[in-house]
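Just below is one structure, and these are the notes that go with it.
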Amino acid sequence: MDSETSNKISETVLEILKSCNLDEVTELKIRKMASEKLGLDLSDPTRKKFVRQVVEKFLAEEQAKAEANEQVVEEEEEEEEEEEEEEEGKKKGDKEYDDDGDLIVCRLSHKRRVTITEFRGKTLVSIREYYNKEGKELPTAKGISLTAEQWATFKKNIPGVEKAIKKLESRS
């Protein structure tokens, strides 16, 4: 079979394959449709074998595309699951954690919050201001971190602080 004929057969078979439902069509139907379109007898063993090769190559390429698409979808789903797990990791039960895994005890305002963190083996209570950078909340230098001992001393003196606040407010 000459190269011009094989090119015409190949182009016609591919055109038919691209336009039909691959779940319903058979190689025989494709060969008959191509035979009618080209006005050639494609039942000859050499031409029949050539059509089969074109069909198999097309199906292999389609399968490879489908598998590649499937892999992309799976990777996207895995990324979404990882993001969801990361979000769930930040909130365990009713507790909220920041990006560094520190427990957020409370948010005092949009920019300020109280966190419990671990630093050089010591537990610290941090009251600090935060800022947003590229979607992440990061701590500023503005704030204070108290050791557990300092926190206990502060906590013990809260009634005195509250009493002083009331006294100052009553003067206004």
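The values are calculated or read from the model by the stated rules, or taken from the named source; none is laboratory data. Computed from a predicted model, the values in this text were never measured in an experiment. In this analysis, Cβ positions are derived from the backbone assuming ideal geometry, glycine residues included, and neighbour counts consider all displayed protein chains. Side chains included, ligands, DNA and RNA excluded: accessible areas come from the protein's heavy atoms. Shrake-Rupley method; radii C 1.70, N 1.55, O 1.52, S 1.80 Å.
Remarks
- Local net charge near Val161, Cβ-Cβ under 12 Å (Lys/Arg +1, Asp/Glu -1): +4
- Here the range 44-83 is scanned for amide nitrogen atoms under 20 Å from the site 7 Å beyond the Cα of Lys18 along Cα-to-Cβ, giving 51-69.
- The chain - percent of accessible surface contributed by carbon and sulfur, probe 1.4 Å: 48
- Distance between the range 1-16 and the range 142-163 - C-alpha centres, whole angstrom: 86
- Loop sites here are trypsin sites (Lys or Arg not before Pro) outside DSSP states H, G, I, E and B with no more than 16 other Cβ atoms within 10 Å. The longest part of the chain free of them is 1-110.
- Across the range 31-133, C-alpha contacts under 8 Å between residues 6 or more apart give a mean separation that, scaled by the residue count, equals a relative contact order of 10 percent.
- Formal net charge of residues neighbouring Arg52 (Cβ-Cβ distance under 14 Å; K, R +1; D, E -1): +4
- Residue-averaged 222 nm ellipticity for the chain, from DSSP H runs of 4+ at -39500 (n - 2.57), nearest 500: -19500 deg cm²/dmol
- Surface exposure of the range 86-166, expressed per residue as accessible area with a 1.4 Å probe, stands at 79 Å².
- Reachable lysines, given that their alpha-carbon falls under 25 Å from the alpha-carbon of Lys167 and they are not under 8 places away in the same chain: Lys155, Lys156
- Which label in [x] 75, 47, 28; [y] 45, 42, 31; [z] 107, 39, 28 gives the computed Cα extents along the principal axes in Å: [z]
- In this Cβ point-charge picture (+1 for Lys and Arg, -1 for Asp and Glu), the chain has a dipole of about 1640 debye about its Cα centre.
- For the range 98-111, Karplus couplings with θ = phi - 60° (6.51, -1.76, 1.60), whole Hz, Gly/Pro x: 8, 4, 8, x, 7, 6, 8, 6, 7, 9, 7, 7, 4, 9
- Volume of the Cα convex hull of the range 1-81, divided per residue and given in Å³: 93
- Normalised by the number of residues in the chain, the mean separation of alpha-carbon contacts (under 8 Å, six or more apart) gives a relative contact order of 10 percent.
- Loop sites here are GluC sites (Glu not before Pro) outside DSSP states H, G, I, E and B with no more than 11 other Cβ atoms within 10 Å. The longest part of the chain free of them is 25-133.
- Along the axis of the charge dipole computed for the chain (Cβ charges of +1 for Lys and Arg, -1 for Asp and Glu, origin at the Cα centre), the listed residues Pro139, Gly39, Thr12 are led at the positive end by Pro139.
- Cut-off 12 Å between beta-carbons: net charge of the residues surrounding Lys111, Lys and Arg +1, Asp and Glu -1: +3
- All lysines inside 16 Å of Lys37 as judged from Cα atoms, apart from same-chain residues fewer than 8 positions distant: Lys8, Lys18, Lys29, Lys48
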